[in-house]
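Please read the structure below before turning to the comments.
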Amino acid sequence: MSAATETLPLEPLAAWLRTHVRPFDGELKVEPLAGGQSNPTYKATAGAQHWVIRRKPPGVLLASAHAVEREYRVMKALAGSAVPVPAVHALCEDPGVIGSPFYVMDFVDGRVFASPALPGMTPAERGAIFDAMNGVIAALHRVDIAAVGLADYGRPQNYLARQLERWTRQYRASLDGEGDRIEAMERLIDWLAANQPQGADADATALVHGDYRIDNLVFHPSEPRVLAVLDWELSTLGHPLVDFAYHGMTWRVTPEEFRGLKGHDLAALGIPDEDAYVAAYCRRSGRAALPHWDYYLAFNMFRMAAILQGILARSRQGSAAGADAEQTGRRARPMAEAGWRQAQRTGAGRRAF
């Protein structure tokens with residue numbers, strides 16, 4: 001049984017909700033929500049009220065992973081900002097209630113798109129969706145972290161070096177013997193460490209999401225408008241261009257490698273190509289260029305490969321949140337290979353607009 005389909009203990013959960021979430025009236029019903037590979041997520045209903053419960057998975061976890069407490073804090077801080085988030089109601093750090101810490105937030109009713117190719121839409125509709133998505137990530141990187149109470153949300157200095165160390169450690173902790181070792185990943189780790197960007201613009205700081213992609217957004221049921229940004233587990237203070245390059249990776253990988261657009265006829269679909277999308281972000285963020293862009297893309301492919309390897313490990317342990325965790329985790333190798341190809345062709349990597 002995966003963590004996502006594990007039955008929650010309804011009686012202690014209902015008792016906790018009655019005390020901490022108001023209004024609460026009626027019989028509690030809980031069902032797992034599809035999507036996500038990290039923290040099990042459920043829709044909870046009592047009478048006319050609907051919430052989402054997001055918990056840490058049970059079992060042994062990698063250090064610093066599945067930080068539901070951080071998700072709760074950052075969404076609470078962003079309430080009322082230019083970055084749309086669900087309203088959060090309560091955080092439970094006592095694992096005795098349902099078996100692991102969890103938090104409760106509003107259920108946001110809208111559209112969630114699994115594929116960035118947006119099948120079934122017109123070219124104009126696709127273009128409007130991408131423009132809205134671009135506007136929200138630019139707004140995120142403009143958040144005044146001190147004003148929203150997040151000045152201590154992370155260590156801004158040496159972000160990239162610490163991220164390299166963290167994900168290398170977590171990738172290696174996820175390996176199950178020599179058979180899991182990915183040669184392209186080892187080469188990529190060495191290359192990234194040896195070619196870290198230098199200079200003043202290599203240490204910029206902003207609030208970063210860490211997993212900003214189209215399937216972590218809830219769109220209005222009929223308008224090209226983002227109602228909520230979800231899945232803040234990896235958020236911290238970090239480099240905005242590293243965060244944006246994770247999002248921009250969509251244009252560099254195929255659907256088979258990881259939910260990418262590479263190989264699609266973007267003009268026919270009405271989706272902006274990478275240059276146009278990057279230019280829109282630059283206009284919104286007041287940038288003339290994206291220094292070290294190609295390096296940041298290679299880094300994010302490495303990071304995604306480490307995340308996917310972790311999903312594969314959790315699948316084998318029986319603690320994965322998604323029912324398709326094994327299939328998803330097996331993308332770690334092709335993602336690492338894509339990252340190594342990106343590293344090999346990386347030049348100066350500076351885009352000006």
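The values are calculated or read from the model by the stated rules, or taken from the named source; none is laboratory data. Since we're looking at a predicted model, the values are computed, not measured. Heads up, the Cβs are rebuilt from the backbone with ideal geometry, glycines too, and the neighbour counts pull from every protein chain shown.
Annotations
- Test: residue in segment 137-160 that is within 27 Å of Gln317 (Cα to Cα), hydrophobic (A, V, I, L, M, F, W, C) and in contact with a Leu (Cβ under 9 Å, 6 or more places away or on another chain): no
- Residues of segment 67-98 that are surrounded by 16 or more Cβ atoms within 10 Å (Cβ to Cβ), among the aliphatic types (A, V, I, L, M) and more than 20 Å from Ala132 (Cα to Cα): Ala67, Val68, Val74, Ala77, Val88, Ala90, Leu91, Val97, Ile98.
- Asp180, sole failed condition from (1) modelled with pLDDT under 95; (2) within 21 Å of the chain's Cα centre (by Cα); (3) crowded, with 16+ Cβ neighbours inside 10 Å; (4) not aromatic (Phe, Trp, Tyr): (2)
- Residues that are basic (Lys, Arg) and assigned to a loop (DSSP other than H, G, I, E, B) do not occur anywhere in segment 74-89.
- Within segment 111-131, considering residues that are buried (at least 16 other Cβ atoms within 10 Å of the Cβ) and small (Gly, Ala, Ser), the one nearest to the chain's Cα centre (by Cα): Ala117
- Single match in Leu269, Leu241, Leu217 (criterion: closer than 23 Å to Lys76 by Cβ and touching a residue at least 40 places away in the same chain (Cβ under 8 Å)): Leu217
- The set of residues in segment 302-334 that are β-branched (Val, Ile, Thr) and modelled with pLDDT of 90 or more contains only Ile307.
- Count of segment 46-81 residues, restricted to those that are aliphatic (A, V, I, L, M), closer than 23 Å to Leu13 by Cα, at pLDDT 95 or above and within 17 Å of the chain's Cα centre (by Cα), is 1.
- Positions within segment 223-252 being of a type in the set (Gly, Ala, Ser) and within 17 Å of Ser115 (Cα to Cα), in sequence order: Gly248
- Condition met for Ser235 (free of Cβ contacts under 8 Å to residues at least 60 places away in the same chain, among the hydroxyl-bearing types (Ser, Thr, Tyr) and closer than 23 Å to Ala132 by Cβ): no
- Search result, residues across segment 282-335 that are assigned to a loop (DSSP other than H, G, I, E, B) and of a type in the set (D, E, K, R): Arg287, Asp324, Arg330, Arg331
- Residue list for segment 173-195, filter: free of Cβ contacts under 8 Å to residues at least 40 places away in the same chain, in a helix (DSSP H, G or I) and under 30 Å from Gly318 (Cβ atoms): Glu178, Gly179, Glu183, Glu186
- Residue among Gln157, Gln170, Gln198, Gln163 that is touching a residue at least 60 places away in the same chain (Cβ under 8 Å), polar (S, T, N, Q) and surrounded by fewer than 20 Cβ atoms within 10 Å (Cβ to Cβ): Gln170
- Positions within segment 202-214 being of a type outside the set (Val, Ile, Thr), touching a residue at least 40 places away in the same chain (Cβ under 8 Å) and touching a Leu at 6+ places or on another chain (Cβ under 8 Å), in sequence order: Ala202, Ala206, Leu207, His209, Tyr212
- Unmet requirement for Gly310, which otherwise passes all of (1) closer than 21 Å to Asp231 by Cβ; (2) over 19 Å from the mean Cα position of the chain (by Cα): (2)
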